[in-house]
Structures are given as structure tokens and as C-alpha cells.
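Engineer: Can you keep this structure in mind? I'll have questions shortly.
The values are calculated or read from the model by the stated rules, or taken from the named source; none is laboratory data. Only a predicted model underlies this, so the values are computations on that prediction, with no experimental measurement involved. All Cβ positions, glycine included, derive from the backbone under ideal geometry; neighbour counts span all protein chains shown.
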Amino acid sequence: MADLKDNIKTVVVHRHACFVAPSEIQAEVKKDFGLDLSIPQILYYDPSSAQSKGLAAKWVQEYDKVRAAFLAAPQANPLANPSFRLQELLTMYRGNSRNIGLRTSILDQAGKEEDRIEKRRMRGYISMSGMRWLLEQHAIALAAAVNECIDEPELQDRLLDAVEARWNEIPVDPKRIPVE
């Protein structure tokens with residue numbers, strides 16, 4: 001097994017600590033460093049693997065530190081962040097200008113995400129000013145995406161009207177908002 005530089009070992013250990021699959025780590029190392037590592041070589045740096053016998057205590061401690069931080073801060077994971085998910089939906093929405101069915105599906109998903117944000121706000125996780133800002137940003141981004149991706153003004157108007165109608169269906173009275 002070739003001896004790796006510490007920066008590469010660090011990447012491999014950190015990715016293991018964040019539950020990244022060995023094959024994904026292999027691809028990342030290949031892409032970022034141009035190195036072809038074998039799966040057993042990658043597993044050697046995973047203290048939870050039987051193949052890590054002889055791994056230096058330094059790397060076990062690093063793994064434990066990163067794993068603890070990863071588990072303690074789920075918001076550090078972009079997929080756990082509602083704003084990130086909405087931004088990704090916007091990116092997908094913009095990238096599918098001709099597929100109306102997919103765009104409608106993305107709008108539905110974005111609406112569900114907004115509902116989840118509202119439920120979190122009602123539980124006290126998001127402030128009202130933060131909620132207003134977030135909704136304003138998404139409305140601005142959605143209108144811009146519609147204008148960028150759809151050439152026909154009539155279709156733009158229909159789509160924005162449909163979105164506005166859906167938004168108007170969202171109850172504003174906190175007593176009427178269902179909370180799971």
C-alpha cells in the first residue's frame with residue numbers, strides 16, 4: 001500500500017467520519033488528487049472497519065472528533081438546511097425550462113419545503129423576520145427563474161398566477177396552521 005500524504009489521509013478520514021461511502025471517497029480522491037486508491041486502502045483509514053488494524057491513534061482521534069461534530073450539528077449538512085434544499089430546487093427548476101411536468105413537480109416540492117419551514121417557525125426554530133426574509137427571497141428568485149426560463153409571456157403569467165394561488169392557500173393565521 002502506497003504511503004499517502006497527510007492531507008489525503010485527512011480527507012479520507014473526514015469523509016469516513018461523515019458516513020461517505022468508500023466508493024465515493026475513492027472517486028473524490030481521484031478527482032481532487034489524481035490518485036487511484038483501492039477500496040481496502042480507503043477502508044484502512046476508517047476506524048470502524050476491520051481493515052483499519054494498525055491505524056495510528058492520531059487518525060482515530062481525528063475520526064472521533066469529526067464524527068462527533070458531524071452528529072452534533074446536523075445543520076452543517078447542507079441537505080438538512082431548508083434554504084439549501086430550496087436553492088437546489090430553484091437550480092433544478094431553472095435547468096428544466098421545457099419540461100412543464102417536472103417544473104410543476106419542483107414547484108410542488110418547493111411548496112412542501114416552505115410548509116416545513118413554516119412548521120419549524122411555528123415551533124420557534126425560525127424567527128418571524130427570518131421567515132419573511134426567506135419567503136421574499138424565494139419569491140424573488142422564483143419570479144426571476146420564470147422570466148429566465150420561459151420565453152412566452154402568457155406561460156410566464158399562468159405559471160406565476162398558479163404559484164400565487166398556491167401561496168394564497170397557505171393559512172396565515174397561526175391557529176389554522178397544522179403542526180405535526
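Engineer: Please find, among L159, L155, the residue that is at pLDDT 75 or above, under 16 Å from Q109 (Cβ atoms), out of contact with any Phe, Trp or Tyr (no Cβ under 9 Å at 6 or more places or on another chain) and in a helix (DSSP H, G or I).
Structural biologist: L159
Engineer: Filter region 39-69 down to residues that are under 18 Å from D3 (Cβ atoms) and of a type in the set (S, T, Y) and give me whichever is modelled with the lowest pLDDT.
Structural biologist: S52
Engineer: Condition first: within 26 Å of the chain's Cα centre (by Cα) and over 20 Å from Q26 (Cβ atoms). Now tell me which residues in region 47-65 satisfy that. Walk me through it before giving the result.
Structural biologist: Residues of region 47-65 within 26 Å of the chain's Cα centre (by Cα): 48, 62-65.
Correct list: D64, K65.
Engineer: What number goes with the only condition from (1) within 15 Å of L4 (Cα to Cα); (2) surrounded by 11 or more Cβ atoms within 10 Å (Cβ to Cβ) that D36 does not pass?
Structural biologist: (2)
Engineer: May I pose another question? Which residue pairs have Cβ atoms under 8 Å apart, sit 6 or more places apart or on different chains, and have a first residue in region 22-36 that is small (G, A, S) and a second that is outside any loop (DSSP other than H, G, I, E, B)?
Structural biologist: Close Cβ pairs (under 8 Å, with a partner that is outside any loop (DSSP other than H, G, I, E, B)) amount to S23/I39.
Engineer: Of all the residues that make up region 13-66, how many are touching a His at 6+ places or on another chain (Cβ under 7 Å) and of a type outside the set (A, V, I, L, M, F, W, C)?
Structural biologist: 3
Engineer: Give just the number: which of (1) more than 26 Å from the chain's Cα centre (by Cα); (2) free of Cβ contacts under 8 Å to residues at least 40 places away in the same chain does Y44 not satisfy?
Structural biologist: Looking at each condition in turn, Y44 falls short on (2).
Engineer: Would you please name the residue that is modelled with the highest pLDDT, looking only at residues in region 93-145 that are in contact with an Asp or Glu (Cβ under 9 Å, 6 or more places away or on another chain) and farther than 16 Å from R166 by Cα?
Structural biologist: R94
Engineer: Sticking with this one: Please determine whether any residue of region 73-87 is modelled with pLDDT of 85 or more and not hydrophobic (A, V, I, L, M, F, W, C).
Structural biologist: Residues of region 73-87 modelled with pLDDT of 85 or more: none.
Among the residues of region 73-87, not one is modelled with pLDDT of 85 or more and not hydrophobic (A, V, I, L, M, F, W, C), which makes the answer no.
Engineer: Need pairs with beta-carbon distance below 7 Å; first residue closer than 23 Å to L159 by Cβ and within region 107-122, second in a helix (DSSP H, G or I) and at pLDDT 75 or above; sequence gap 6+ or separate chains.
Structural biologist: The qualifying pairs are Q109/L89; A110/L89; E113/L89.
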